[in-house]
Amino acid sequence: MSGDLPDYFFRVRENGALVFRVDTENRQRRIEMDQIAVVNIRNGEIKPHGDRTLSETDLDTIKSWMEDRIELLAHRDIDDILRAVDHLNLTSQWAQSKATDDQLEAVTDDLLLAMHDLRSVLVRKKADRLMKAQNTKSE
């Protein structure tokens, strides 16, 4: 089993990760994880843990993980939005076919305000993109 373990482990945090070097080559044949760094993907900062000096291999591995993590999180953001679209469709179907008057009364104002806010943002952003595209074409 120990041969299958990666050399590094990233304990994910909200804004990055704690980075551990995995060691299975010890006398007790135990898995040891030695924290070597703290990573912040929001600002790209890599802080060595304690008084450590990170090797080029450490830095390359951490930077590669950061790139992969940023890509994964961006993919998850889009997936979450597409799920929200599905939920809006399911909510419309529920409101039309199953909801009682009391249930509709409990959610209508919150839904209308949230949808109005979303619509305002989407319309403004779409107009900005159209204006930008039009300005780019005219240049």
Requested in this report: Pop out the ³J(HN,Hα) list for region 5-14 in order, Karplus 6.51 cos²θ - 1.76 cosθ + 1.60 with θ = phi - 60°, rounded to Hz; leave Gly and Pro as x.
Outcome: 6, x, 6, 10, 10, 10, 8, 5, 10, 4
Report summary line: Longest principal axis of the chain (C-alpha) makes with the long axis of helix 101-138 (C-alpha) an angle, in degrees to the nearest 10, of 80 degrees
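Using the count of nearby Cβ atoms within 10 Å as a rough guide to exposure, how do ILE62, ILE78 rank from fewest to most?
Values: ILE62 20, ILE78 9.
By the 10 Å Cβ count, ascending: ILE78, ILE62.
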Requested in this report: For Rg/Rh (Cα atoms, Kirkwood Rh), several values are listed as [x] 1.19; [y] 0.94; [z] 1.21; flag the one computed from this structure.
Outcome: [z]
Report task. Report relative contact order for the chain in percent, whole number only (criteria: Cα-Cα under 8 Å, sequence separation at least 6). Result -> 11 percent
Report task. Stick to the Cα atoms of region 75-121, pair each with every other, and give me the Kirkwood hydrodynamic radius in Å at one decimal. Result -> 11.8 Å
Query raised in the report: Going by alpha carbons, how many degrees (0 to 90, nearest 10) lie between the helix axis of 56-97 and the longest principal axis of the chain?
Result: 20 degrees
Requested in this report: Kindly provide the helix-only [θ] at 222 nm of the chain, computed as the sum of -39,500 (n - 2.57) over DSSP H runs of four or more divided by all residues, to the nearest 500 deg cm²/dmol?
Outcome: -21500 deg cm²/dmol
**Report entry** For region 1-31 and region 51-106, distance of Cα centres in Å
**Finding:** 27 Å
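Taken together, the values in this text are just the output of simple stated rules run on the coordinates, not laboratory data. This is a predicted model, so every value here is computed, not measured. Please note: Cβ atoms are built from the backbone with ideal geometry, for glycine as well, and neighbour counts cover all protein chains shown.
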